[in-house]
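The values are calculated or read from the model by the stated rules, or taken from the named source; none is laboratory data. A quick note: this is a predicted structure, and the numbers were derived from the prediction, not measured. FYI the Cβ positions are ideal-geometry reconstructions off the backbone, even for glycines, and counts take in every protein chain you see. For accessibility, only protein heavy atoms count, side chains too; no ligands or nucleic acids. Shrake-Rupley method; radii C 1.70, N 1.55, O 1.52, S 1.80 Å.
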Amino acid sequence: MSKESGGILLSDPGTYNYLLLVLLLLFLLFVSLYVLRRKKKRLNALLDHIVEVFEKAFDISEDAILILSNENKVVYANRSMIKLLGLSEDYRGKDLVHMPQIRNHETLLPLDIFVNQEYRGDKTQMQTYPQSFLLLDDAEEEIPVNLYLDSSEGRYSGESWCKIIYMHDLRKEIKHETVSRRHQLTQLPNQAQLQIDLNALFAKNHLDKKKLALVLIDIDNFTMLRSIIGHEQANRILIKFSEYLMHLPTSLNIKVYHTHHNNFLLTISNIEEVDEVTSLIREIQKELTMFYKIEDVRLYLTASVGIAIYPDSATRRTLLDRTYQALATAQKQGYGKCEVYMPEAIRQDYDELLLFNEMHEALEKEEFEVYYQPIVTTSEQEVVGAEALIRWNHPKYGLIPPTVFIPIMEKTGFIIELGEYILEEVLKQMKRWELFKFKEIQISINVTLLELERKGFAEYVSKQLLHHQINPERLKFEITEGYAMRSERLTRQEIWSLKKLGVSIALDDFGTGYTSFAYLKKFPADIVKIDKTMVDYILTNKEDQRIVKAMIDLGHNLGMKIIVEGIENKRMFDLIASYGCDYIQGYYISKPLPVFEFQKLLR
Ligand code: C2E
Ligand code: MG
Ligand code: MG
């Protein structure tokens, strides 16, 4: 029966064909599955290979790479990262056991929180955090790194993000820089380091209101000495001298630099008087004459020394140059000499005693003359004021600048008499201009501390204004930053009294002294005059540009008007004007002029 029925089945051609078709389909299915499986296997092998290649490539990198999943599990870490974070070999898919911290500017956060926070917003942009710091769990020291963050979305499985963290360790570079900032022979910091340190020192001394001295020591005749005693002994002298300088027996705050071959430089900060420095130099010079011996023969060494003091002898920018100039002057006088740099004007060969003796007579003989330098608006270049600047027309020396005789007058007290003369001259002149219908402008007069400290100064000014019938609003007094800082409460009261009269007050030479911004806020000035030294290099120096712009903004924020002094050409003018400065004064508009020439300008 079964045979029969089987025979029926097989003998039926329809059934037979059907069976064949099924078999064929099954065969095809089997073959396709086989091919697909092989393909998938090959694809997986290829993927594995690619991953292996990438991992190897990442492992070569000295930079550390970490990939975290959306849930902050470690997906991948390259060799540098494994080493840096101390990960175990089976780190994949696990949490970071010791979560490192990242400090970027002032914020210190655990890495995962930092990354999450940074990626809360835009996930498509790579973010860079140069000069951040990595703080490992067990380490005390922070590791300086450049940090980069990126992310990637796994599109095949919905919202699956991973975060890519890339760190460039900066320690090697910093070490390399440190090495290149030391002198090879003595290992003392060199000129490059000096330049960096000076900026910090200026800032610090400024805050402490103390002086900073640069002392340049040059061992005399060193090339000659070297040719006699030989290269090795000469080097030994330099090393021994550097050690001596490093351990100077002094309470002064000193840092030593080996700037060049036989040149050493000391920065001495927080000094009160120059004498502290010069007496130390005498010690060094004395020591130098006897501290080196070659086989019991003492070498008589000498050194020439140049000193410049900030802020007495130079501005920040010129301080180092002045030290070299002082050294050159010392060397001109022979071996073992020391020279402190003095500003050029004082250095001139004026006979101080002669000037001192002749002052009173000069006033009677009308040798003093008031010059006027216009002050213009930056917007229209319109003359709205002028600064009265005194000149001494001396029979022997010709025109003597005020920077020479005013300090002597201050010492002798004669400045009070001269100040009265100037005020009187200016007020008379203003009245004449008024009568002859010249344009009405505001005139500034410079005053010293001695004049302000004088009892009843404001009252005296008030009387003079009344006597000459001049509107107080047309008068302005300029007080230099240096004086203003030294002024006592009494002086401040005097300034307020002047202001009450309606007279304006300008803070002169701003940027040359020690004024802190906090102080500026308290000083009752209507106008700030930014000193010429702040703009001397402004066309090329980006930092100066930023500083001056900030000063202008700050003054404005405190409700003050700003004058920039010493503008000598159009480019300077345009730049300063673009910073929103209100007025300028300088040779670009005009030098200080005698009355008759200045009048032409007013017309
Ligand atoms: P100051 O009050 O800061 O006056 C500005 C000085 O800068 C003036 O020097 C002026 O001639 C100069 N100056 C202006 N624009 C330029 C420029 O574009 N380039 C250059 N190289 N210099 C420019 P001056 O007249 O020699 O006065 C020097 C200082 O002497 C004044 O500085 C002021 O502190 C003092 N002074 C002048 N006259 C008097 C006065 O009558 N009484 C008092 N107490 N001090 C005075
Ligand atoms: Mg002035
Ligand atoms: Mg000035």
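Kirkwood-type hydrodynamic radius, the chain: 31.7 Å, calculated from all non-identical alpha-carbon pairs.
In straight-distance terms, cross-link reach from Lys163 covers every one of the lysines whose alpha-carbon lies under 18 Å from its own, apart from those fewer than eight places away in the same chain; here that gives Lys73, Lys94, Lys123. Can you give me the C-alpha center-to-center distance between the range 278-318 and the range 464-493, rounded to a whole angstrom? When both Cα centres are located, 46 Å separates them.
Go ahead and run the numbers for FRET between Ile174 and Thr278, Cβ-Cβ distance against an R0 of 35 Å, rounding to 0.05. Each step should come with its number before you reach the end.
Details: r = 38 Å, r/R0 = 1.08.
E(calc), rounded to 0.05, equals 0.40.
Of all aspartates and glutamates in the structure, the ones whose alpha carbon falls short of 15 Å from that of Lys522, not counting any fewer than 8 places away in one chain, are Glu481, Glu488, Glu494. The heavy atoms of Ile309 present about 0 square angstrom of accessible area, all protein chains included, probe 1.4 Å. Mind scanning Lys500/Lys570; Lys240/Lys286; Lys175/Lys210; Lys396/Lys428; Lys439/Lys521 and naming the pairs with a C-alpha gap bigger than 27 Å? Over 27 Å apart, Cα to Cα: Lys500/Lys570; Lys175/Lys210; Lys396/Lys428; Lys439/Lys521.
Simple rule: put +1 on each Lys or Arg Cβ and -1 on each Asp or Glu Cβ in the chain, find the dipole, and look at Tyr166, Leu452, Asn104; the Cα lying farthest toward the positive end is Tyr166.
For Lys365, the aspartates and glutamates whose Cα falls under 17 Å of its own Cα, not counting residues fewer than eight places away in the same chain, are Glu417, Glu420, Glu424, Glu425. Taking label points 7 Å from Cα along the Cα-to-Cβ direction, Asp197 and Val97 give a separation of 4.4 nm.
Here the range 372-602 has an Rg and Dmax of 17.3, 50 Å, counting Cα atoms alone. Helix 231-246 and the longest principal axis of the C-alpha atoms of the chain enclose an angle of approximately 80°. Between Leu252 and Leu354, the C-beta separation translates, for a Förster distance of 41 Å, into a calculated FRET efficiency of about 0.65. In the range 385-517, taking the dipole from charged Cβ atoms about the Cα centre, the farthest positive-side position among His394, Leu507, Phe436 is held by Phe436.
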